[in-house]
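Trainee: A single structure is presented below for examination.
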């Protein structure tokens, strides 16, 4: 029972977190990752790993990634020293067999400084097809400079990636319902208010009458002065 | 504050009150003070000059679905009727009484009776509307319509008028022709539709000339008289296969123009086949039919004419006129002659239309008047500061002097002042330098920067320099053989150097595609004088795929143009700005496949290269989604306020990403009819920041994207109304980096506020106001289908408008949510000066922070200025200077006198 309710709460939480963004027909995808590390050969991509997402609605994923070899790490450091781009090619395979290729890049230096911790954002369109895959790193805010001292000491070789799926959200429609409700509510309140408001004439409008009376008095007083 | 909750009525009145306080209506005496409108008809389709009518007139119909009447003396519009949009309003036939091909004309019937007509138009195909017009005042007298059975086939239908009957000719390509005759004024058919077998008709090379249906078939013309009793096909052989399309010769039954020569397929119709000319027209002179023809040779327009019956020249009609280059190539459309009042000669008016879409009237050996109808299709505008007066210019120069050395600065000051004194002295004794052309034309910058040069680029490639206050056209330029790009992308007008860099002249560039080669074309010119600059026209040897503007160069302050060509190579124009392209990011978007690609531009070792770094596919599975709109922010925009103060005095920081671009795609959907997707994409990193989908919603879509917000209008198919959705992006209560923005290290998930509103009108254009520093409130200018422009405060479109009036919302100054946006008449900035076929609104900052310059284009052009937060930095026009100076003088003199008296009194007291 406890487990059940916690599951429910997770579902509710995720519902809340992603707005009304849910696919009508859930589906699965696999993503094949290749990256380009050699600055001299920008069109050469080597295999990095693959991701499988069994359910796009749940957003859970399993990632299998190769560790970098020493030469690859070195060439990435060269790329970082040139302030070059770490480019990654992602091939998305759908259940119906079709494939789509995506490209994303980040600064090689920031990948190094983040110790190969990166986040892969998979954006989906309303029908569950991938629109774009973006890689980004959460940088330690202090190290922003990409000097050779900073990069040379990095020996980490294995990627540790998070996959975040972003659904398209449903657009709002003009909220006529709640406005009419509010209008009705206020009208009722007013009607009720009018029934209850059975104070006397003076009790209700004293704030208008008093200034007028005062004015009359003052003008009368000045007139008398003038008459004298 | 209690009354706020009391009733909805007071709530509405409160919001109206708030609204009134933000809008700036116009007073009656301000009409046409800050604005002007120019009215157009569009490029000529049919025209008839009629000088012998009791009221001389030029009757015309245009490609912009307009019928109208011009004054033959001045070219002013007597009346104009803007008909329905295409395809419904497409004018197929304009028949004016007295201009029928044959002498028997129903129009001879008495006016007012249902048998005659003054002018008749046929428009559209399904349904086809036939209308009879009163040509004196431009009203519809009668109308009838037919709905063809086969609407697809009816698209190619042609109409002709003969013997009081109107014939509807529907071709079924390579099969037969269906001809139906109707009584022109009543719409009754005369009988059944006749089907004529004609396997020789094809969609490429057929036309109608008078009553003859003619097709080109290799070296011969095959024709058929549609009103003749026999359906005998006539074959006319040509010497050789014509190199260009065949054209009909209006006014001559069976006459047509083949390779600049005249040919008649009608055996009964003689024609002068020896003539060679670019344009012909048939008219009458001395009660004989004549053929007039006109050719442009070395900027001289020669008009000649021959009598049709014996081909002898008509010397009275010969004319030679100097023809300005900016009109383009003319083609003769109509002419008419009228006896002079006192002498026996005749006075003829020739009407031309040109490739630059001008209407030119030639009379008595000169261009009598001309109308610039290309202005009905403005595709880009720029406001440019006018040059400084000389004295101010030198001062400006001095202020900018880089030398920090006191001695040199002092010397410079002394010399400039000496020069100023000298020029003043010379000016006083009348020996000053003559004012420059621009100064003589009154084109000198005013102190508030409100007076600017408005440069308009039109679809035909004609460029205009117009004074934005007076509306006077100072210069015109025509670029022949240029067109817009692929992907439905228009030509661009780019400011490469603004007027700030005195004594360097401002520089503008037109980027277009060459019609002949398909390669890019660059044309540089001085936007103040309209003269070509930096070599003028430059033919590039590559196709243009994308372009971007670089920052200013150090030495000549020119902003280079970065061009991505068809083979993904990058180029910079001018060449010396190439190093500045290093580190630029570019993106391309294919409308059809909805694929975006991002590139990084690198400059290393004197070579520019581009590296693809990201791609995004918005097309869905089978690329059924197509991009219908791309909206980026105005690059000159300044965001003054970084955040928004909430009710609890905390700050909600805006997500201001200059690289954010909105893409909208649309596709048919099985379950939801049509689906509209909106994506916000960072075009540097290629990440999809936000995406949202609308169901049962479709184009027309209009979008504005500015600061941290987005507003777009669309048509909701489910409830059949136009709606506006607004979005605001916030970073949250803390800013990630408040000094520099980097898309590669950006906060990835902004907070998105969103709301939808109903707008009770059809939106045709939207644009945000822009001011110099961005301190003034932003308003959204909404152009409506009726030609009005509404100034809508952002407070009303704000997605944070609270549904229930909470104290927090009130503290924030947000108006409670009402689903329908109000459109009060005092918010129409163009009061009764409606802009027909409003297509676009452009805004530009003026020198005053409070004021924004606006130009609305469509068939008409409307130029005005708006002050979203009212003119807080300007004294009112009726400010009483005299009173304030009197008060000042009296106060100072009074205080002086009193002080004097007081000191005297003190002195006297001291003596006592």
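The values are calculated or read from the model by the stated rules, or taken from the named source; none is laboratory data. Quick caveat, the model's predicted, so the values are computed rather than measured. Note: ideal-geometry Cβ built from the backbone for every residue, glycine included; neighbour counts use all protein chains shown.
Trainee: Would region B:614-630 turn up any residue that is in contact with a helix residue (DSSP H, G or I) (Cβ under 9 Å, 6 or more places away or on another chain) and farther than 22 Å from residue B:521 by Cα?
Mentor: Here is the first cut: in region B:614-630, the residues in contact with a helix residue (DSSP H, G or I) (Cβ under 9 Å, 6 or more places away or on another chain) are none.
No, there is no match, as no residue in region B:614-630 is in contact with a helix residue (DSSP H, G or I) (Cβ under 9 Å, 6 or more places away or on another chain) and farther than 22 Å from residue B:521 by Cα.
Trainee: Which one is nearest to residue B:277 (Cα to Cα), of the residues in region B:330-362 that are more than 37 Å from the chain's Cα centre (by Cα) and part of a loop (DSSP other than H, G, I, E, B)? Write out each step before concluding.
Mentor: Step one: of region B:330-362, the residues more than 37 Å from the chain's Cα centre (by Cα) are B:338-346.
Okay, now just the ones that are also part of a loop (DSSP other than H, G, I, E, B), so B:340-345.
Working: B:340: 29, B:341: 33, B:342: 34, B:343: 32, B:344: 30, B:345: 26 Å.
Filtering region B:330-362 for residues that are more than 37 Å from the chain's Cα centre (by Cα) and part of a loop (DSSP other than H, G, I, E, B), the one nearest to residue B:277 (Cα to Cα) comes out as B:345.
Trainee: Which one is modelled with the lowest pLDDT among residues in region B:806-819 that are more than 9 Å from every other protein chain (Cβ to nearest Cβ) and touching a helix residue (DSSP H, G or I) at 6+ places or on another chain (Cβ under 9 Å)?
Mentor: By that ranking, first place goes to B:810.
Trainee: Within region B:527-542, can you find the residues that are part of a loop (DSSP other than H, G, I, E, B) and either out of contact with any strand residue (DSSP E or B) (no Cβ under 9 Å at 6 or more places or on another chain) or crowded, with 18+ Cβ neighbours inside 10 Å (or both)? Break it down stepwise before answering.
Mentor: Within region B:527-542, the first condition is being part of a loop (DSSP other than H, G, I, E, B), and the residues that meet it are B:527-531, B:540-542.
The answer is B:527, B:528, B:529, B:530, B:540.
Trainee: Additional query: Under the condition of being more than 7 Å from chain B (Cβ to nearest Cβ) and over 8 Å from residue A:137 (Cα atoms), which residue from region A:99-113 is surrounded by the fewest Cβ atoms within 10 Å (Cβ to Cβ)?
Mentor: Going through the qualifying residues, I end up with A:99.
Trainee: Could I ask something else about it? Just to check your reading of the model, which residue among A:182, A:204 is facing chain B (nearest Cβ under 10 Å) and either exposed (fewer than 13 other Cβ atoms within 10 Å of the Cβ) or closer than 30 Å to residue B:721 by Cα (or both)?
Mentor: After ruling out the rest, the residue left standing is A:182.
Trainee: Which one is nearest to the other protein chains (Cβ to nearest Cβ) among residues in region B:705-718 that are assigned to a loop (DSSP other than H, G, I, E, B) and surrounded by fewer than 21 Cβ atoms within 10 Å (Cβ to Cβ)?
Mentor: The extreme case among them is B:718.
Trainee: Looking at region B:621-633 only, could you name the residues that are surrounded by 21 or more Cβ atoms within 10 Å (Cβ to Cβ) and facing chain A (nearest Cβ under 9 Å)?
Mentor: B:625, the sole residue that qualifies.
Trainee: Out of the residues in region B:569-580 that are modelled with pLDDT under 90 and buried (at least 21 other Cβ atoms within 10 Å of the Cβ), which is farthest from the other protein chains (Cβ to nearest Cβ)?
Mentor: Per the criteria, the residue is B:573.
Trainee: Do we find a residue being closer than 26 Å to residue B:234 by Cα and either in contact (Cβ under 8 Å) with a residue 12 or more places away in the chain or surrounded by fewer than 16 Cβ atoms within 10 Å (Cβ to Cβ) (or both) anywhere in region B:321-341?
Mentor: The initial filter retains those residues of region B:321-341 that are closer than 26 Å to residue B:234 by Cα, namely none.
Within region B:321-341 (the criterion being closer than 26 Å to residue B:234 by Cα and either in contact (Cβ under 8 Å) with a residue 12 or more places away in the chain or surrounded by fewer than 16 Cβ atoms within 10 Å (Cβ to Cβ) (or both)), the answer is no, since none of the residues qualifies.
Trainee: Another question, if that's okay. So which residues in region B:53-65 are surrounded by fewer than 22 Cβ atoms within 10 Å (Cβ to Cβ) and more than 14 Å from residue B:135 (Cα to Cα)?
Mentor: Hit for region B:53-65 is B:63, nothing else.
Trainee: Spot the failing condition for residue B:228; the list is (1) crowded, with 21+ Cβ neighbours inside 10 Å; (2) in a loop (DSSP other than H, G, I, E, B), and only one is missed.
Mentor: Tallying (1) crowded, with 21+ Cβ neighbours inside 10 Å; (2) in a loop (DSSP other than H, G, I, E, B), residue B:228 fails exactly one: (1).
Trainee: Sticking with this structure for a sec: State which residue pairs qualify: first residue touching a residue at least 40 places away in the same chain (Cβ under 8 Å) and within 13 Å of chain A (Cβ to nearest Cβ) and inside region B:686-704, second residue surrounded by fewer than 19 Cβ atoms within 10 Å (Cβ to Cβ) and in a strand (DSSP E or B) in any location, beta carbons under 6 Å apart, and separation of 6 or more residues or different chains.
Mentor: B:690/B:752
Trainee: Give me a count of the residues in region B:163-183 that are crowded, with 18+ Cβ neighbours inside 10 Å and at pLDDT 85 or above. Outline the logic, then answer.
Mentor: Going residue by residue through region B:163-183, those that are crowded, with 18+ Cβ neighbours inside 10 Å are B:164, B:166-171, B:177-182.
Next, only the ones that are at pLDDT 85 or above stay: B:166-171, B:177-182.
Residues that pass the stated criteria total 12.
Trainee: A further question on this structure: Taking region A:114-140 as the region of interest, how many residues are within 7 Å of chain B (Cβ to nearest Cβ) and touching a helix residue (DSSP H, G or I) at 6+ places or on another chain (Cβ under 9 Å)?
Mentor: Number satisfying all stated conditions: 2.
For every residue, the table says whether it meets (1) more than 13 Å from chain B (Cβ to nearest Cβ); (2) modelled with pLDDT of 90 or more.
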site: A:34; (1), (2): yes, yes
site: A:43; (1), (2): no, no
site: A:58; (1), (2): yes, no
site: A:73; (1), (2): yes, no
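Trainee: Out of region B:668-684, which residues are at the interface with chain A (Cβ under 10 Å from one of its Cβ atoms), at pLDDT below 90 and under 21 Å from residue B:724 (Cα atoms)?
Mentor: The one that is at the interface with chain A (Cβ under 10 Å from one of its Cβ atoms), at pLDDT below 90 and under 21 Å from residue B:724 (Cα atoms): B:672.
Trainee: Given the conditions (1) under 27 Å from the mean Cα position of the chain (by Cα); (2) surrounded by fewer than 18 Cβ atoms within 10 Å (Cβ to Cβ); (3) within 11 Å of chain A (Cβ to nearest Cβ), and given that residue B:658 satisfies all but one, which numbered condition is not satisfied?
Mentor: (3)
Trainee: Additional query: Being under 30 Å from the mean Cα position of the chain (by Cα) and farther than 12 Å from residue B:184 by Cα is the filter; apply it to region B:94-130 and report the residue that is modelled with the lowest pLDDT.
Mentor: Of everything passing the filter in region B:94-130, B:126 is modelled with the lowest pLDDT.
Trainee: For region B:856-879, give me each residue that is assigned to a loop (DSSP other than H, G, I, E, B) and either touching a residue at least 12 places away in the same chain (Cβ under 8 Å) or closer than 20 Å to residue B:786 by Cα (or both).
Mentor: B:858, B:859, B:860, B:867, B:868, B:869, B:870, B:871, B:872, B:873, B:874
Trainee: Pull up region B:583-610, narrow it to residues that are within 12 Å of chain A (Cβ to nearest Cβ) and surrounded by fewer than 16 Cβ atoms within 10 Å (Cβ to Cβ), then point me to the one that is nearest to residue A:131 (Cα to Cα).
Mentor: Residue satisfying both the conditions and the ranking: B:593.
Trainee: Can residue B:781 be described as modelled with pLDDT under 90 and either within 12 Å of chain A (Cβ to nearest Cβ) or buried (at least 18 other Cβ atoms within 10 Å of the Cβ) (or both)?
Mentor: no
Trainee: Of the conditions (1) away from chain B (no Cβ under 12 Å); (2) at pLDDT 90 or above, residue A:66 fails just one. Which one is it?
Mentor: With (1) away from chain B (no Cβ under 12 Å); (2) at pLDDT 90 or above applied to residue A:66, the lone miss is (2).
Trainee: Which one is surrounded by the fewest Cβ atoms within 10 Å (Cβ to Cβ) among residues in region B:719-736 that are assigned to a loop (DSSP other than H, G, I, E, B) and free of Cβ contacts under 8 Å to residues at least 40 places away in the same chain? Full working, then the answer.
Mentor: Applying the first criterion (assigned to a loop (DSSP other than H, G, I, E, B)) to region B:719-736 yields B:719-720, B:733-736.
Now drop any that are not free of Cβ contacts under 8 Å to residues at least 40 places away in the same chain, which leaves B:719-720, B:736.
Values: B:719: 12, B:720: 7, B:736: 15.
So the residue we want is B:720.
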